[in-house]
Amino acid sequence: MVAPRNIAIDNTSEALRSGGTFFLETFGCQMNDHDSEKVAGVLLSRGYRQVETPDAASLVLYNTCSIREKAAQKVFSRLGEYRTKQAAGQIIGVLGCVAQQEGENIFQRAPWVSLVCGSASYSKLPELLSQLEAGNQRVTGLDTDTDETFETPVTRRDNPWRAYLTIIEGCDKACAYCVVPFTRGPERSRASDSVLREVRELVDLGYSEVQLLGQTVNSYADPSARRIRFSDLLLAVADVPGIRRVRFTTSHPRDFGADIVAALEAQPKLCNHVHLPVQSGSPRILRAMTRTYTREEYLEKIAMLRGAKCEIAITTDVIVGFPGETEDDFAETLSLLEGVRYDSLFSFKYSPRPNTPSLSMPDAISEEEKSRRLTILQEVQREIQSRRNATLVGNTFELLVGNKSRRENQWSGHTACNRVVNFASQERALLGTYVQVRATGAGPNSLVGEHVP
Ligand code: 5AD
Ligand code: SF4
């Protein structure tokens, strides 16, 4: 545990004390995006103003990602670009997973940084900001042994149509390759009443679609006396008047039960899409990854989803080139993709990360071989998606329109199953509305359609 500390007092805090401005750049996952929305809320409620460029800001913040090495490197190269800024009176802060992982080392590597705060310590941000405003040059929040979640009275949301809402922070699963349990700390769930209160506030703000977030969202364990299950929380969120769509991500296969499928079947407002990372199709590699399920058990969950009364889109994450992954192991991943026929997937080359058990595992796969496997996997999946999407031509979908293209009369939106559909319409004000669109064409990554007025 590292307590915030003072090293020196200087005059750079002047800019913060007198109506500071902030620039906040976010790397990484949706959890990070949403953390940044909450960080922005904290700053705005302290009287800071958000600006569009780092040059215009008195406080420059980077919310960082360390899930793969490349993402972490990007943060240091970005910090390098700002080495001269401190001298010009700007305060630089590093938030998120790299902050947690590197801790005070960041001050050694980039001495122009004044604030280092990991996501498990965001509840302390107001206190840390007070220290910066008081002139402290080096301020840290690096505890991970907290049982607190990051709740703030003000969240400045970026997406006007889909509101993110974290219901569980951290992760207890300890997959052999993953830094998240170290950077985000243990699992902490938010009380169900607090979640439902925020959903009602979101409706008042005009949102009709919410996405419940967690690294393992379905491991949710209500800490309040109500002790409602995740599936019942989904139903309760959908019952909030004004809510039309409820999404949730990411689900962990181990905690994915029939009650969640039953909830999706019973309540059409629960979007028919489940993101269920498999990581590998090889039983041996799944064991080495300590994913806590076998290939068979995973496929039983898939069978449960495919057997549902409504059609449910399934997406996944896959890692290629985990230490010791043979050609046969990789072939088992490809056969799993052919068997499941995912609607879409995210695929990654294994990246060795600090502190993780797999760092010291033998039989590393070369970068070249990882790239080769990634390309093959992506080609196989592209083919599956092209075939799958072609079967959807002729179907009509409800879209929440989220984008207007620069091209005249062109729009796009997401279906409940999270597919992107591009469509033409002569109407003027479709953004943020729900429309019916008939699919007239399909590519591997999206559909094309026409507005059915
Ligand atoms: N290397 C490559 N991919 C990783 N992921 C997590 N850790 C690593 C790593 N060390 C991937 C997993 C996870 C997704 C968010 O990132 O597939 O589901
Ligand atoms: Fe990482 Fe595994 Fe937790 Fe996902 S479930 S965040 S991959 S440790």
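A few notes on this one:
- Hydrodynamic radius (Kirkwood) for region 174-235, which is based on Cα pairs only, to one decimal in Å: 13.3 Å
- The Rg/Rh ratio for region 290-411, using Cα coordinates for both the radius of gyration and the Kirkwood hydrodynamic radius, is 1.06.
- For region 59-127: relative contact order, % (alpha-carbon pairs under 8 angstrom, 6 or more apart): 34 percent
- Relative to one another, the C-alpha centroids of region 79-113 and region 347-377 are positioned 29 Å apart.
- In the chain, the longest principal axis of the Cα atoms and the axis of helix 30-45 are about 40 degrees apart.
- Full extension of the chain between ARG227 and THR53 yields a length gain of 58.2 nm, computed as 0.36 nm times the residue separation minus the alpha carbon distance.
- Sequence-separation-based contact order of the chain, relative, with Cα cut under 8 Å and 6+ spacing, percent: 10 percent
- Whole-Å distance, taken between Cα centres, linking region 387-453 and region 155-198: 30 Å
- Cut-off 15 Å between beta-carbons: net charge of the residues surrounding GLU148, Lys and Arg +1, Asp and Glu -1: -3
- The chain - Rg and Dmax from Cα coordinates, angstrom: 22.9, 67
- Charge dipole (debye, nearest 20) of region 69-167; +1 at Cβ of Lys and Arg, -1 at Cβ of Asp and Glu: 600 debye
- Against the main long axis of the alpha-carbon atoms of the chain, helix 367-390 sits at an angle near 50°.
- Rounded to the nearest 10 degrees, the inclination of helix 230-239 to the longest alpha-carbon principal axis of the chain is 90 degrees.
- When +1 charges are put on Lys and Arg Cβ atoms and -1 charges on Asp and Glu Cβ atoms, the dipole computed for region 208-297 relative to its Cα centre reaches about 260 debye.
- Over region 237-333, the pair-distance histogram of Cα-Cα distances with 10 Å bins from zero comes to 15, 43, 26, 13, 3, 0 percent, rounded to whole numbers.
- Distance between the pseudo-spin-label points of LEU431 and ASN403 (7 Å out from Cα toward the beta carbon): 1.4 nm.
- The length gained by stretching the chain between GLU367 and ASP317 to full extension, at 0.36 nm per residue less their Cα-Cα distance, is 16.1 nm.
- The DSSP beta bridges internal to the chain are antiparallel in roughly 35% of cases.
- Each residue, SER446 and SER360, gets one label point 7 Å from its Cα in the Cβ direction; the gap between the two is 4.8 nm.
- Summed side-chain charge close to ALA57 - residues other than ALA57 whose Cβ falls under 10 Å, Lys, Arg +1, Asp, Glu -1: 0
- Site pair ALA258 and ARG197 shows an inter-label distance of 3.7 nm when each label is modelled 7 Å from Cα along Cα→Cβ.
- Cysteines not pairable in the chain (beta carbon separation under 4.7 Å absent): CYS29, CYS65, CYS97, CYS117, CYS171, CYS271, CYS310, CYS417
- Difference of contour (0.36 nm per residue) and Cα-Cα distance, THR396 to LEU205: 65.8 nm
- Checking the Cα-Cα distances for LYS74/LYS404; LYS38/LYS301; LYS70/LYS173 against a 25 Å cut-off, the pairs over it are LYS74/LYS404; LYS38/LYS301.
- Förster radius 22 Å - calculated FRET efficiency between ALA88 and ARG46, Cβ distance, rounded to 0.05: 0.50
We did not get these values from a lab; they are worked out from the coordinates using the rules stated. From a predicted model like this one, the values you see are computed outputs, not experimental measurements. So basically every Cβ, Gly included, is an ideal-geometry build from the backbone, and we count neighbours across all protein chains shown.
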